[in-house]
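Structure first, commentary second.
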Amino acid sequence: MTIKKNSVVSIHYTLKTTDNKLIEESRNAHPLTYLQGAENIIEGLENELLGKEKGDKFSLVVQPEEAYGYSDPELVQEVSISMFEDPENVEVGIQIEIDSDEGLVYAMITKVENEVVTLDANHPLTDMTLMYDVEVVDVREATKEELAHGHAHGPGGFEHH
């Protein structure tokens, strides 16, 4: 079966930076399972998978505009260290959850200086060109329930809800 809109697709992948640093791979876990055309994965990868079939293997490079985009300076802000429950344990590299008007937002602590903490809510892979090695493991028609929910169910996809 060929991958087309509303196919449920399972892939194994390796994701690296352009300097060959491993970001993530799926081989030691379930394959990633997603609903084609539902924007469950980045645009560049989803576009490249269109028309592929089970067993196909390929590599691709995805530019930031088809991945996680470019940094938005409005998503970086400075806050007082007093806003944290445990100020002694605030350090660079920690990801925190922030309850905002738009819901739960994740931000990375990128700087701690004096009593000021810099938070960056941009995606960690923003501004990055990404390199993928991909293997199509399975392709099937989506169920009515998956189409209604807008994502694949089962191992590697979302659990039933």
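The values are calculated or read from the model by the stated rules, or taken from the named source; none is laboratory data. Model, not experiment: these values are computed from the prediction. No Cβ is skipped: glycine too gets one built from the backbone with ideal geometry, and neighbour counts run over all protein chains shown.
A few notes on this one:
- Single unsatisfied condition, residue 56 versus (1) on the phi > 0 side of the Ramachandran plot; (2) surrounded by 15 or more Cβ atoms within 10 Å (Cβ to Cβ): (1)
- Yes/no for residue 153 being over 18 Å from the mean Cα position of the chain (by Cα) and at pLDDT below 95: no
- Set 79, 90: member being more than 23 Å from residue 42 (Cα to Cα), in contact with a Phe, Trp or Tyr (Cβ under 6 Å, 6 or more places away or on another chain), hydrophobic (A, V, I, L, M, F, W, C) and not assigned by TED's automatic domain parsing to the domain that holds residue 17: 90
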